[in-house]
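Student: Sending over a structure as structure tokens; questions will come in a sec.
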Amino acid sequence: MRLTIDKEKEAFYHFKNFKQKLEKINHIKSIKELLIEVEYLRFDINAFINSLRATTLVLQKEYRSKFGEAFNTWYSEKVKEIEAIEFLKILKELRNINQKEGNIYPTFIFKSGTAKGSISFEVDYTGDSKSAIKNIVVEFNNFGGIEISDAVADHETQLTLEDKQKVWNAAINHYKVLQQDIVELDNFILIKFKIERMDIEIEPVEFVEKCKISGELIEKIVYEARSKFDN
């Protein structure tokens, strides 16, 4: 049982680490430092997933060799509990992808804003590009007082051609101002984890909570195994 407990402790060690990294990331003031910390965060998340999923494998190896069919019968019921948690299936698939293809998921979506607008971008390691920053999106709150919906939905407006030209000139000016503001932004917030292959986007708080629930189930199964077979 010692090796199972050791693997379980390892999983919760990495869970604690990636929670701390998440808290730190939302207080970072520069893109360069942000990318460094995201890389470390990726390592800790991947290590947690690998350790958590490996805990049950070590459990089976240690107990099956000692208790044979009695353990198999008991563990078959525990498998049903594991499979009932959809997020554990996601973690298993993440482990398989990252072990076979490299540590490519999750992708991290950040957003930062001012009164004039906002910028969002993804830190994405799924491709071959040298830059991990992708899908940069700039959004304006308005174009010189004219709502964007009025500017782009011509059929819903009564703007003259001259007015439309003013709108786009205002947009260009706002864009230039916002570009300068973006250089000075220091309020980057991690808003979502993204796993494109599984069509999943999940907020960090929810991701952490589901990791916690998954870990607690594995912890419970280990405890029950010790209570049943070690006494």
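Student: Just the ratio, please: alpha-carbon radius of gyration of the range 185-231 over 2.2 N^0.38 Å, N its number of residues.
Tutor: Ratio of Rg to 2.2 N^0.38 Å for the range 185-231: 1.82.
Student: Kindly flag which residue pairs out of Lys21/Lys100; Lys130/Lys192; Lys61/Lys220; Lys32/Lys210; Lys19/Lys212; Lys134/Lys210 have an alpha-carbon separation exceeding 20 Å in this structure.
Tutor: Lys21/Lys100; Lys130/Lys192; Lys32/Lys210; Lys134/Lys210
Student: Continuing with this model, one more query. Tell me the trypsin sites (Lys or Arg not before Pro) within the range 27-118 that lie in a loop according to DSSP and have at most 16 other beta-carbon atoms within 10 Å.
Tutor: In loop regions of the range 27-118 (DSSP not H, G, I, E or B), the sparsely surrounded trypsin sites (Lys or Arg not before Pro) are Lys29, Lys116.
Where a number appears in this text, it was derived from the coordinates with a stated rule and is not lab data. These numbers come from a predicted model, not from an experiment. With ideal geometry, Cβ positions are generated from the backbone for all residues, glycine too; neighbour counts draw on all protein chains shown.
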